[in-house]
Every structure is written in C-alpha cells, then in structure tokens.
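To start, the structure under review is shown below, and the notes come after it.
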C-alpha cells in the first residue's frame, strides 16, 4: 500500500473469524476466548499437505504475478540497493503466470504456515508473504479481476495457522468517526493511527481514496466464507514494537533496517526479496501472524499487535 494512503495507525490466543460467526466487534479489548470478544474455537489440526497452485481458480486472461515484486522498488538514495535483491521464494516463477497454467508452488509435503497480506486498490492488487516453519519467506504480488476469490482459494488450500491482513476488518459504525478498537489502540500510545471512517463517509469521496479498504473488506469476506483464520494487523505498529519508533528516517529505511535485523536474529531466509514497502509490510504481517499463533500479541478487537515481551522475536519468547 502506498505511503500516501497507508493508515498511519500504525493484539494473545487464536480466534478464527469463520463465516458462520458474527462480524467482529471492535468494542472490546482483551484476549479472545470464553467471555472475550472472540469465542474460542478448537485448535486447528496441523496436517501435512501438498501445495497445488496459486492460479488454480483463474478465469479469462487474468495474470497472477508470483514472486515478482512491483516494477517500482524504493527510490534511491537508500543504504542498500533494493535492485540487488535476488528472489529466493517457493512462490517465485520469475515471470507472470498466465491464467490456467499449473504454476506449482512447492513439491514438498508441508505443515501449515503463516500468510501476511498487504492490501492495495483493485488496480494495484495484493502483496503476499508466506512464512514457512523453517523461517523461509516467500513473496507474491497478485492482481486481476478475480484476485480476491483466487487469493482466498489459495489461502484455503494452504491451510495457514493464521492470515494477517493489513487492512481494516470493518468500517466505523454509522455516525461515528472511528472504530472502538482503533481508539483503544490509540490510547495505548504505540504509534500513530489514522482512523477508519464509516462507509457513508468513504463513499462520499469522489477520488476513491478508500478503495483499498473496500478491496480489503472483499478479501475479509471471502476468507471468512471459506473458514480461513484471519486477523487484522498494522505493520507500522509491528515494526515499532520490533525496532523502535521510526524517528527521522524514511519509512523505507526504517522498515528495511527492521526486517534486516529480524532476519539476522531469527535466521529468516528470503527477506532480501522484499524489495519495496508493500512486500516488507506483507512480511511484517506474516511475522505478526506467527506471533498470534504463539500467543505473544495484544488484541484490540480484531487488530493484533506484537506484545513486545520477546524483544522482537516472532519465533517465540526468549
């Protein structure tokens, strides 16, 4: 998501949003489970599975770009040239994969893992990071007329422990200027936050400024319908908890340094393939999803933030 429209907003057990359950409420802040805002479900059974394709549900001339970053990496000057990054990803194909091709993601039998999704408008699409149990990060940029259903089908087949989406789970209620979960998060003082408006306020803008939120809500609905466990994340808050406030640095310099530090400390492979801000934020979402699985997060309604108790170690408490 571009910095011009990114929410500047910038949390301890699992709580899938299944389609049969009510829409998530932002009114409460606490741990999910009995008596909490999100009823506890039985733990997902980890099974070994064989991944098939990202484009198995493609139709028409839709193109899915797998493991191929957007053509515009962060502009210079940057301390480390992004263009030097070499993709090392289970999702990569090094070229667009046309609809109907059998672009195999991996041939290995695998356990579930964690997905992070950075949301853009309909033209821009989604940036996806997949975090493997081994610590390997894989990236994809996907767009097209069927991208929401295709990505939701992919996530359902992948059986991730969690999917973390960098987009609001709902509009603000009518006659309100923000969601209760965002106000609760703002009071925590982790970092700044730009509040999500009501649907009516968003629709009144002629410039389609909030189209990315609309696109994200479509993905939320599609994932819930398929029973995929999904949470809301805010990469700015995650980066802040792991690496400290941004300060005078650009967002690109800050997040790149944060991801490099995490990659070195946690032995992550493939982090260098996150050659732009959208891919880095998708990586932050995937790492936040892993912490949600481990219970080292704070919950603000559907919004999940690393709790800071593990010194920025998404691999577990130290």
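The values are calculated or read from the model by the stated rules, or taken from the named source; none is laboratory data. Bear in mind that the values here come from a model prediction, so they are computed numbers and not experimental data. Every residue, glycine among them, receives a Cβ derived from its backbone with ideal geometry; neighbour counts consider all protein chains shown.
Among the residues in the range 170-183, are any over 15 Å from residue 148 (Cα atoms), touching a strand residue (DSSP E or B) at 6+ places or on another chain (Cβ under 8 Å), surrounded by fewer than 18 Cβ atoms within 10 Å (Cβ to Cβ) and at pLDDT below 95?
The answer is yes, given that some residue of the range 170-183 is over 15 Å from residue 148 (Cα atoms), touching a strand residue (DSSP E or B) at 6+ places or on another chain (Cβ under 8 Å), surrounded by fewer than 18 Cβ atoms within 10 Å (Cβ to Cβ) and at pLDDT below 95.
Looking only at the range 257-307, which residues are assigned to a helix (DSSP H, G or I), over 27 Å from residue 181 (Cβ atoms) and either modelled with pLDDT under 95 or over 17 Å from the mean Cα position of the chain (by Cα) (or both)?
Within the range 257-307, 257, 260, 261, 263, 264, 265, 266, 272 qualify.
Looking only at the range 228-259, which residues are surrounded by fewer than 23 Cβ atoms within 10 Å (Cβ to Cβ) and more than 21 Å from residue 141 (Cβ to Cβ)?
Across the range 228-259, the qualifying residues are 240, 243, 244, 245, 246, 247, 248, 249, 250, 253, 254, 257.
Please determine, by comparing only the residues of the range 104-120 that are in a loop (DSSP other than H, G, I, E, B) and farther than 22 Å from residue 219 by Cα, which one is modelled with the lowest pLDDT.
If we take residues in the range 104-120 being in a loop (DSSP other than H, G, I, E, B) and farther than 22 Å from residue 219 by Cα, then 107 is modelled with the lowest pLDDT.
Which pairs do you get when a residue that is under 16 Å from residue 161 (Cβ atoms), found in the range 275-295, comes within reach of a residue that is modelled with pLDDT under 95 and surrounded by fewer than 24 Cβ atoms within 10 Å (Cβ to Cβ), reach meaning Cβ atoms under 7 angstrom, with the pair 6+ apart or on two chains?
292/14; 293/14; 294/316; 295/12; 295/13
Out of all the residues in the range 260-271, which are surrounded by 15 or more Cβ atoms within 10 Å (Cβ to Cβ) and on the phi > 0 side of the Ramachandran plot?
The answer is 270, and nothing else.
Within the range 121-136, work out how many residues are closer than 23 Å to residue 290 by Cβ, part of a loop (DSSP other than H, G, I, E, B) and under 15 Å from the mean Cα position of the chain (by Cα).
Qualifying residue count for the region: 1.
Could you go through the range 151-160 and let me know if any residue there is assigned to a loop (DSSP other than H, G, I, E, B), at pLDDT 95 or above, touching a helix residue (DSSP H, G or I) at 6+ places or on another chain (Cβ under 9 Å) and within 18 Å of residue 285 (Cα to Cα).
Within the range 151-160 (the criterion being assigned to a loop (DSSP other than H, G, I, E, B), at pLDDT 95 or above, touching a helix residue (DSSP H, G or I) at 6+ places or on another chain (Cβ under 9 Å) and within 18 Å of residue 285 (Cα to Cα)), the answer is yes, since at least one residue qualifies.
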